[in-house]
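Chemist: Below: one structure in structure tokens.
Taken together, the values in this text are just the output of simple stated rules run on the coordinates, not laboratory data. Everything numeric here is computed off the predicted structure, so don't read it as measured data. A quick note on method: Cβ atoms are made from the backbone with ideal geometry, for glycine too, and the neighbour counts reach across all protein chains shown.
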């Protein structure tokens with residue numbers, strides 16, 4: 001097995017195949033476009049010490065195809081120094097998202113993952129209306145998870161620009177349609193090479209990790225094989241957000 005870092009450098013072609021990227025963009029296009037009118041941009045992308053102690057997450061898990069999409073964007077648009085900083089980032093639960101700029105903006109906004117795109121889109125009233133509208137049509141446990149998850153991400157500073165998409169979007173969230181489509185994409189391509197997949201299977205019994213944070217996926221993709229052979233079991237045992 002090779003002991004080098006996985007080849008994620010600007011000199012190589014895209015990691016994510018064009019057809020997979022197109023399918024990913026179709027999923028993203030269903031999410032209503034919003035504008036943040038917050039008086040302190042980026043506060044939802046970092047945690048206080050107290051929030052961290054309560055097991056809040058500022059960098060929510062993203063799907064493997066989303067990770068690879070962001071990798072391509074970083075390689076195409078960032079300096080080599082910034083590439084190395086971002087692709088070497090290995091914290092699973094950082095206090096501050098590594099893509100958050102000094103002024104509170106998102107440095108990867110065009111390719112931000114689903115969790116960021118859907119944050120604050122549905123109002124509390126919309127959450128309850130969607131639950132009531134779908135009750136009896138959608139498994140009750142799905143609706144309970146939907147209400148719990150979306151009620152935690154309601155944001156009064158979100159301004160909806162595509163209101164015509166909101167009802168369909170809410171239904172996609174309540175039925176986990178986005179998630180199921182992303183999981184289907186990963187069945188066709190998750191980008192993991194054979195050596196690392198073998199180590200993953202030995203360490204966890206899993207063929208793939210469907211969702212993890214940016215730092216988690218960087219660990220799996222970027223650490224030398226020799227390091228992973230000695231440390232992957234411990235990393236996965238301690239991981240709180242690997243699925």
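Chemist: For helix 18-29, report the angle its Cα long axis makes with the longest principal axis of the Cα atoms of the chain; keep it between 0 and 90° and round to the nearest 10°.
Modeler: Helix 18-29 sits roughly 30 degrees off the main axis of the chain.
Chemist: On C-alpha positions alone, give me the angle between the axis of helix 225-238 and the longest principal axis of the chain, in degrees, nearest 10.
Modeler: 30 degrees
Chemist: Under the rule of -39500 (n - 2.57) per DSSP H run of 4 or more residues, summed and divided by the residues of the chain, what mean residue ellipticity at 222 nm is obtained, to the nearest 500 deg cm²/dmol?
Modeler: It comes out at -14500 deg cm²/dmol, rounded to the nearest 500.
Chemist: If you don't mind, there's one more thing I want to ask. Provide the convex hull volume over Cα atoms per residue for the chain, in Å³.
Modeler: 141 Å³
Chemist: Now, a different point. How do 150, 161, 92 line up, fewest other C-beta atoms within 10 Å first?
Modeler: Fewest-to-most Cβ neighbours within 10 Å comes out as 161, 92, 150.
Chemist: Could you put 102, 202 in order, starting from the residue whose Cβ has the fewest other Cβ atoms within 10 Å?
Modeler: 102, 202
Chemist: On a 0 to 90 degree scale, rounded to 10, what angle separates helix 177-188 from the longest Cα axis of the chain?
Modeler: With both axes taken from Cα atoms, the answer is about 20 degrees.
Chemist: Taking the Cβ of each residue in 133, 117, 211 as the centre, tally the other Cβ atoms inside 10 Å and list the residues starting with the fewest.
Modeler: 133, 117, 211
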